Amino acid sequence: MDPHPSAQDVLRCNLCETPGPSMSCKICGTHLCITCVGKHLLDESKEHKVLPFEKKEASTKCQKHLQKICEYHCEQCDIPICKLCVFSEKHLTHDVVDIFDSLESKKFALKTDLKELEEYIYPKYQEIKSYIPVQKDNMHKNSQNLKTAINRNEEIWRREIENIVKKLKSEIDEMDLKHLTVLNKWELEIKSTISEIIQSIADLKKLLASTDINLVSAYNSKNAEFTRLSGKLKVSLPNFTSKNIDTERLFDQFGSLSAYCITTEEHERSGSSSLKPLRSVPQIITSINTQYKGHLKWLNSISCYSDEEILTCGDNSKIMSLYNLKGN
């Protein structure tokens, strides 16, 4: 019989051959059952690091003390460290947490970013992209309607207004060209951002599946940048207004095109990552009578807790009061 275990052999404890060991020594690579863990640790000839199998792959060796396993994470330096690093001069005054708690915290942040990208940011950009062809179609239809109205007037005025008609059509084409240039540029920017979002989603999924602490620690969120998404372009399309014929003022009375206008319709969203523009002129919503009226109880600080509530604090007070817009 082949003394070496085959690929189909059951994983066994290296000390007692018990099948299905639940622990493993990171240093020795020895598989251990619960019963043999103590026996293995009694061997003081070398260092041991016994971990459950599910945590085995998540451990990493210290970059400074190569023979030590990183069991902690320095919050200030944002790096995994070993026991020796904890008491070193560099990390002695820093906040240190269990490395697996840090990993869970970072993966929670990754999941939050992934959810925001998949459920809000990516769909919003897709919505904006899908609206651009609609705007192009509306622009084309509007332009055709304008030209039809102009052509009807041309039949009435015939040859004597030919030069005016050509001039107005040229203005429409120039407007269309400027409008189309803006829309095409906007479409390219949106597509480019969507590509970045798709890549970020893919990268986040890889990080969530990764056990490499260094890769996870190096992650920098781009969600705040993506959340500041530009809204849909809102275009005021020109229209044609005809006038009564007056040969003395032929050009003005034939009709004119209103100026076209392109504005951005901002997307507002409640949450920590959304920023609303400030008003140029303050607006008084309501007046609230607070409890701070007497000696040593003057109102000192105010903070907006939400759109409907404010936090207040008085002089020499350790207590904050929460008011709604009705003063309760």
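Bear in mind these aren't lab numbers, they're just calculated from the coordinates by the rules spelled out. Since this is a predicted model, take the numbers as computed values, not measurements. We place every Cβ from the backbone using ideal geometry, glycine too, and count neighbours over all the protein chains shown.
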Exposure-ranked with fewest Cβ neighbours within 10 Å first, ILE190, ILE302 stand as ILE302, ILE190
When CYS261, CYS28, CYS85 are ranked with the fewest other C-beta atoms within 10 Å first, the list becomes CYS261, CYS28, CYS85
Projected onto the charge dipole of region 40-136 (+1 at Lys/Arg Cβ, -1 at Asp/Glu Cβ, origin at the Cα centre), which of ILE121, GLN63, ILE81 gives the Cα projection farthest towards the positive end?
-> ILE121
Between ASN184 and ASP212, what FRET efficiency comes out of the Förster formula 1/(1 + (r/R0)^6) with R0 = 45 Å and r the beta carbon distance, rounded to 0.05?
-> 0.60
Residue order, fewest to most beta carbons within 10 Å, for PHE251, PHE100, PHE87 | PHE87, PHE251, PHE100
